[in-house]
Every structure is written in structure tokens, then in C-alpha cells.
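Reviewing the structure listed below.
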Amino acid sequence: MEFLIRGYYNVPAILSQYYYINFKMFLNNLIIYIIFTLMKKKQFGILQGRILPEKKKFNVFPSQWKKEMYLANKYGLSYIELMIDENLSKKNPILNGNITYLLNTIKKNNLLSYSLIISYFTRYSILKTKKIFLEKIFKLSSMLNIKILIIPLIENSSLKKKDLIKILDLIYIRTLSYKFKIAFETNQNLTLYNILKSEKYKDKFGLCYDIGNSFSNKSFFENDIYKFNKYLYHLHLKDKCKVKNSFQSVYLGKGLLDLKKLRKILSKIKYKYKITLETFYEKNSINSLEYNLDRVKKYLINV
């Protein structure tokens, strides 16, 4: 470029140097901007069953799971968070022996096989789960080549500290040979954080932080994100508002969640993992998706 400006066009040296330096700065900034933009757009996925929900009920495996993948790609999402639901649905290719077909469908729709959540544990206690079932889940997770396995320790799998350590030890021993990391979703983030700080489990375990649930847990997500930063392996994104004495899910930006504040915090800690939309929907789930994505694009992409 410098040769062309000085030689071919015979521009005075001092002027050519000025344009050369400024062009180089512009080009570098452009490359950084493009990379940053692509990374941000690739940071978001959605939970299985939130695009085309089954029977208007949360956390039920969707019969139209293949169409969901097509739509996820169409709307610019990078992955669908796969799910093993509480009913162990026979429609689920993870459970009915069709993992290869599932992986091909993911690839066909230009999506990533990134995360898997075991929603089964919200209904059935992980303490009472047979070890052979846990081992099967870990093996299937490895076959899916996921990066993050999410294990909910809430509702019927909510544990006291003693039992929590017992489960962590059991899972750690059985997953050491696998490449994926494990993010635990819990209402006891501080307790889990203090256990993880001991470095007993190295970098294998971390937190899946549910931003919407932080309100019903009477937590301050901005403080939590700063504090748990090192062990924050995954985020679930939803919004909630308080109705009398309970909290209800609402569209992003319609509840207690300050999206601008969230963007600022995630930028400050340089959050590098992904964010799954676990967002509210109504009868027309596609319209709901479009509204929530509009909030994401407006407030969270291109920070």
C-alpha cells in the first residue's frame, strides 16, 4: 500500500505517510470491530422448547425440535441448549439412540453443539438418582461433544452443604476423563462458590447463573456476577416482575432486569462464555421470540 501511494501515484512522502498510517489504523480498527461483532452474535443461544413450545408448558421436550433448529439459525442464534426433560421423552434423539441424526441436524442448520441441561433433576432428586443413570448422561454428553453440561440443583434437587459436597465428589470422579465442563444451577450460589474456591475440583466445575431467578432469590445479579466471575461458566437469561408475593416471568425489559446494567457488568468482567435465552413466551411463540431477540440486539449485542 505504501509503495503504491508513493511510487505509482507520486504523492509527496509526508502526505503518503499520513494516509498510510491512518489507513492502517482504520483497517486494524475495522478488523477488531468485525471480530468483536461476530463473537457477540455467536454468544447467544436458546433453550430447547422455547421457540416452538409443547403444550404451552416450560421445560417439556418439543415435538418440533428439528424445526426449532431451523428457526434458531434463521434468527441468528448460534446454538440450541439441548435438554433431557423431566419426563425423559422418547421423542428426544439423545434418549432414543439417534444422536448421530441429532448432530447432523445441528450441523445442517449451522448451529453449535454447545450445552445440555438435565431438567430431569428439577423433578427428581439427584441424591436418589442411580449412579448408572448419571454415568449414562455423562457418556451421552461426551458423544454430543458439548462444551457445557448444566446440572440443576434446584427444586427437588436442592441440597444442603454436606449433600452438595457429596454429589460434587461423586460427579467429579465420574467426569474427569471427559472434556466438557459442568455448570451447576442452584439457589445457593454463594455456598457453591465457597466450595469451588478451594480449587478441589480445579476448573472442571462452575456456576450456571440464572439472572431472572436472582430476583426471586433476593440476590443482586450485579454483585453476584462480579463476585462469581472466575467460576461463571454459563448464563440463563430471563426477566421477572413481582406480582404480590410471587415472581412471574415476563418479556425481556418488562420486569426488574436492567439490560443496560447487565451489558455494562458483562463487558467489565470480559465475560467469555455463552448466554442461553430462557425467555418468556405467549401463545404466539414466534412473536415472543422476535420481541425478546429485539431486546437482546438492542441492549446486549455490540457492547
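General observations
- Relative to the compact-globule estimate of 2.2 N^0.38 Å, the Cα radius of gyration of the chain comes out at 1.16.
- Degrees separating the helix 99-108 axis from the principal Cα axis of the chain, which is the longest one: 30 degrees
- ³J(HN,Hα), Karplus 6.51/-1.76/1.60, whole Hz, each residue of the stretch 223-230, x for Gly, Pro: 5, 4, 4, 4, 5, 8, 2, 4
- Rounded to 5, percent antiparallel among DSSP beta bridges of the stretch 235-303: 60 percent
- Aspartates and glutamates whose Cα lies under 13 Å from that of K274, excluding same-chain neighbours fewer than 8 positions away: E81, D210
- Measuring against 24 Å, Cα to Cα, the residue pairs K57/K130; K57/K162; K238/K283; K107/K240; K197/K242 contain K57/K130; K57/K162; K107/K240; K197/K242 as the ones spanning a longer distance.
- Charge tally for N59 (other residues, Cβ to Cβ under 10 Å; Lys, Arg +1; Asp, Glu -1): -1.
- The chain, helix-only ellipticity at 222 nm - DSSP H runs n ≥ 4, -39,500 (n - 2.57), divided by all residues, nearest 500: -12500 deg cm²/dmol
- 12 Å Cα-Cα reach of K230 towards aspartates and glutamates, excluding residues that sit fewer than 8 places from it in its own chain: E199, D203
- Distance from the C-alpha centroid of the stretch 45-86 to that of the stretch 217-246: 23 Å, rounded to the whole angstrom.
- Sequence-distant residues sharing a close amide H with I150 (under 5 Å, placed H): L116, I117, I118, A183
- Using θ = phi - 60° in the Karplus curve 6.51 cos²θ - 1.76 cosθ + 1.60, the 3J(HN,Hα) couplings for the stretch 280-293 round to 5, 9, 10, 4, 8, 5, 5, 4, 5, 4, 4, 5, 5, 5 Hz; x is entered for Gly and Pro.
- Net charge contributed by nearby residues that have their C-beta within less than 12 Å of T175 (K/R +1, D/E -1): +4
- Packing-based exposure ordering (other Cβ within 10 Å, fewest first) of V60, V296: V60, V296
- Seen against the Cα atoms of the chain and their longest principal axis, helix 13-41 is set at about 10 degrees.
- Using the Cβ of E155 as centre and a radius below 11 Å, the other residues enclosed give a net charge of -1, where K and R count +1 and D and E count -1.
- Relative packing of 228-238, 89-99, which averages over residues the other C-beta atoms within 10 Å, highest first: 228-238, 89-99
- Estimated dipole of the stretch 235-303 in Debye, rounded to 20 [Cβ of Lys and Arg +1, of Asp and Glu -1, Cα centre]: 420 debye
Read the figures in this text as sums done on the coordinates, not as results from a lab. These figures come from a predicted structure and were not determined experimentally. Virtual Cβ from ideal backbone geometry, glycine too; neighbours counted across all protein chains shown.
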